[in-house]
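Everything on this sheet refers to the single structure shown next.
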Amino acid sequence: MLQLRSLNHLVTLAARRNFARAAEDLGLSQSALSRSIQALEAQIGMRLFDRDRAGVTLTPQGRMAVERAAVLLADADDFERHLAASASAEAGHVRFGIAPMPARALLPAVIAERLRVAPDVTNDVVVRDVDALWALLVAGEIEFFVTNEGFQCESPPPRIETLGHFPVGGIVRAGHPLLSGDCPGMTFPVVRSSWTGVPLPPEIEARRRGVANVIEDFGSLAAITAASDAIWFSSPYSAGEALRAGVLHQLPDGAPDAAVRVVMCSLERRSPSPWARSLKALLRQEIQRLARGAGG
């Protein structure tokens, strides 16, 4: 099998047309370079250079070989640069999943930061309920997914890593009856982004009318909540803009310490890529930033 080292010797000698100068460029002795070229010619079964006292001249076969070798060496250099960039999470492709609630809270800032610091990384993000994400993970179609605690999974065993915690509670429109009083006996529709995960807290369960409505699109959930008497069970991290604008409000009777753990789920038998490690760090940083903003 041809070695890149031999091809580099070939291309360098073709450019310098002199063994002594080519050997100096390569950091070799002239005799070592001569042996390398002779071995290459013997391996491929053709003469690549004509030698005389003035130096060396490429044969027709040698010109063809140099052209192809130059392309291979350029490809090898590009391949090496690509591997180095991939190892540092600066280039490549990552496909991962995320449940609707953390997606709404985390994706905009995290992906924007990834595009800023690693524009050569392609991010392919699937937003699904956790059951669909688990199936994609097991099938090898995503590397990991992010969700809240409380989901059930079967074999193979998952690797669960905590990213942080989200406060949860009820969110309603401005002027909702529950904001102005106890409203004895009144019940209201409940909306949420997923069937899977955390059960409704007692204070929302007591106010629930019928079965909770599941809508995975957070833009629609915010609009529905703002236009109706529905109670939206979610995290204020996922409704930050509407809450800051005063369009939506948190219910005041929720437990102040109600929170869910947000986790990254991958498979134990699969080694995490550099992109996964980088994204994990960014996700944790964004949850910490949201917590500082809520505390302030």
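Every number here is computed from the coordinates shown, using simple stated rules; none is lab data. Since this is a predicted model, take the numbers as computed values, not measurements. Reconstructed Cβ throughout: ideal geometry from the backbone, glycine too, with neighbour counts over all protein chains shown.
What does the helix-only formula give at 222 nm for the chain: each DSSP H stretch with n ≥ 4 adding -39500 (n - 2.57), the total divided by the residues, and the result rounded to the nearest 500 deg cm²/dmol? Before the final figure, lay out the partial values.
Numbers: 11 runs with 136 residues, N = 296.
-14500 deg cm²/dmol, from helical runs alone.
Sorted from largest down, give the three principal axis spans of the alpha carbons of the range 4-87, whole angstrom values.
48, 25, 20
Net charge around V247, counting only other residues with Cβ within less than 11 Å of its Cβ (Lys, Arg = +1; Asp, Glu = -1)?
+1
Measure off 7 Å from each Cα along the Cα-to-Cβ vector at T122 and A32, then give the distance between these two points in nanometres to one decimal.
4.2 nm
Would you list C183, C265 from fewest to most Cβ contacts within 10 Å?
Ranking C183, C265 by Cβ neighbours within 10 Å, fewest first, gives C183, C265.
Taking the Cβ of R51 as the center, what net charge do the other residues with Cβ under 13 Å away carry, scoring Lys and Arg +1 and Asp and Glu -1?
Summing Lys and Arg as +1 and Asp and Glu as -1 gives 0.
Considering only DSSP states other than H, G, I, E and B, which GluC sites (Glu not before Pro) in the range 208-296 qualify as loop sites with at most 14 other Cβ atoms within 10 Å?
E268
Let me know the Rg and Dmax you get for the chain when you use only its Cα atoms, in Å.
Gyration radius and largest Cα-Cα distance of the chain: 31.0, 107 Å.
If you take the C-alpha gyration tensor of the range 1-148, multiply each eigenvalue by 5 and take the square root, what semi-axes do you get, largest first, in whole Å?
53, 16, 11
Provide the FRET efficiency to the nearest 0.05 for the E161-R244 pair, computing r from the beta carbons and using R0 = 22 Å. Display every interim value, and only then the final one.
Details: r = 30 Å, r/R0 = 1.37.
The formula returns an efficiency of 0.15 here.
Relative to the compact-globule scaling 2.2 N^0.38 Å, provide the ratio for the alpha-carbon radius of gyration of the range 181-296. Present the calculation step by step, with values, prior to reporting the outcome.
Working: Rg = 16.9 Å, N = 116, 2.2 N^0.38 = 13.4 Å.
Normalised Cα radius of gyration, the range 181-296: 1.26.
Most exposed first by the Cβ proxy, i.e. fewest other Cβ within 10 Å, how do H9, H93 rank?
The fewest-first ordering by Cβ neighbours comes to H93, H9.
Against the longest principal axis of the chain, how steep is helix 274-295, in degrees 0 to 90 to the nearest 10, with axes from Cα atoms?
That helix lies at roughly 30 degrees to the long axis.
Tell me, what is the FRET efficiency for L2 and A112 to the nearest 0.05, using R0 = 35 angstrom and their Cβ-Cβ distance as r?
0.15
Put +1 on the Cβ of every Lys and Arg and -1 on every Asp and Glu Cβ in the range 169-257; which of P201, P184, I224 then has its Cα farthest towards the positive end of the dipole?
I224
Once both axes come from the Cα atoms, what is the angle between helix 60-87 and the longest principal axis of the chain, in degrees from 0 to 90, rounded to 10?
30 degrees
Can you give me the distance in nm between label points at R68 and M46, each placed 7 Å from the Cα along the Cα-to-Cβ direction?
0.7 nm
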